[in-house]
1. Using +1 on the beta carbon of Lys and Arg, -1 on that of Asp and Glu, and nothing else charged, what's the dipole of the chain about the Cα centre, debye to 20?
2. Answer with one residue from G23, Q45, A56: the one whose Cα lies farthest towards the positive end of the charge dipole of region 1-67, charges on Cβ with Lys, Arg +1 and Asp, Glu -1.
3. Counting Lys and Arg as +1 and Asp and Glu as -1, each charge on the Cβ, what is the dipole of region 182-265 about the Cα centre in debye, to the nearest 20?
4. Pairs of Cα atoms under 8 Å, at least six residues apart: use those to get the relative contact order of region 88-209, whole percent.
5. So what's the back-of-envelope 222 nm ellipticity for the chain, counting only DSSP H runs of four-plus at -39500 (n - 2.57) apiece and dividing by all residues, rounded to 500?
6. Roll a 1.4 Å probe over the protein chains and send me the accessible area per residue for region 145-276 in Å².
7. Bin all alpha-carbon pair distances of region 126-190 at 10 Å intervals from 0 and give each bin's fraction as a whole percent.
8. For region 22-66, give the magnitude of the charge dipole about the Cα centre (Cβ charges: +1 Lys/Arg, -1 Asp/Glu; no others), in debye to the nearest 20.
Amino acid sequence: MSAAFKLAGLEEHPQPTLVQVRGTLIGGDNPALIAGPCSVESREQIQTIARAVKAAGGNVLRGGAFKPRTSPYGFQGLGLAGLEYLAEAGAGVALPVVTEVLEPGMVRIVADHADILQVGSRNMANTALLKAVGRSERPVLLKRGMAATVEEWLLAAEYILAEGNRQVILCERGVRSFEPRLRNLLDPAVVPLLRTLTHLPVLVDPSHAVGRRDLVIPAACAAVAAGADGVMVEAHSNPDQSLTDAAQAISLAQLEELAHKMRSLRLALHSGSLAS
Ligand code: PEP
Ligand code: MN
């Protein structure tokens, strides 16, 4: 199996990859907190949320400008204006920003505005897009496809690495299951499993996994306890009014609570009380 992951695997590269984005290190000892709305909805909205992410001690601001919606009639994002608002809001609070890129032809413009390029679950196997982000200078946050095996996911990462971009961050976001009460199924064990296969940093997105506001914090804590390099959550100043993914948007007060719990967990993990 190792030969399949020539670049993502541990054989040639046993030490963990650390991705440095401005002041933030993804893959070090401290789990990163990436937070922000599902979609950038307005200049004011992203600025308000950016200030809250910063105040909570978050490390990266997220926000979708181009949204891969299930329905063609759903809000598709603000597009270029959304990218500009996101970049401005991130700069305003000195946080790097991550946003999704949907098409190879858009990689350059998204990279001009974002510090990290997100390849979403629906595009994990889009090899043209993987190659295009592989030619970019920007780190890539690669979501797991919603029905992808770990092997398929690592091979998707391999496409990016093979183009010369070695800054790939994996992000688990749950997979389809038979359980209708949860949006997807989150298996925190995928984090230690990936540690046996790859040197790439591993994030977990509990928001798209559980799909419910009340379950995001415990799922995020499970991911951190399992050793994730960070979590990415959807947070909103007015969660019920979110234009996309309202059901899973946590409030800014919940974001603060999550940040606090992550700090406690980190201390517990570092103090050795949870270490093996
Ligand atoms: C997102 O993070 O906004 C998103 C669309 O996630 P996923 O690709 O995991 O569905
Ligand atoms: Mn979303």
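1. On the way: 26 positive and 27 negative charges, 25 e Å.
The dipole magnitude comes to about 120 debye.
2. Q45
3. Working: 6 positive and 9 negative charges, 42 e Å.
Approximately 200 debye in magnitude.
4. Working: 215 pairs, mean separation 23.2, N = 122.
In percent, rounded to a whole number, it is 19.
5. Numbers: 9 runs with 100 residues, N = 276.
Taken over the chain, the calculation gives -11000 deg cm²/dmol.
6. Per residue, region 145-276 has an accessible area of 43 Å².
7. Distribution as computed: 22, 46, 23, 8, 0 percent.
8. 120
The values are calculated or read from the model by the stated rules, or taken from the named source; none is laboratory data. Since this is a predicted model, take the numbers as computed values, not measurements. Cβ atoms come from the backbone with ideal geometry, glycine included; neighbour counts cover every protein chain shown. Protein only, heavy atoms only, side chains kept; ligands, DNA and RNA dropped before computing areas. Shrake-Rupley method; radii C 1.70, N 1.55, O 1.52, S 1.80 Å.
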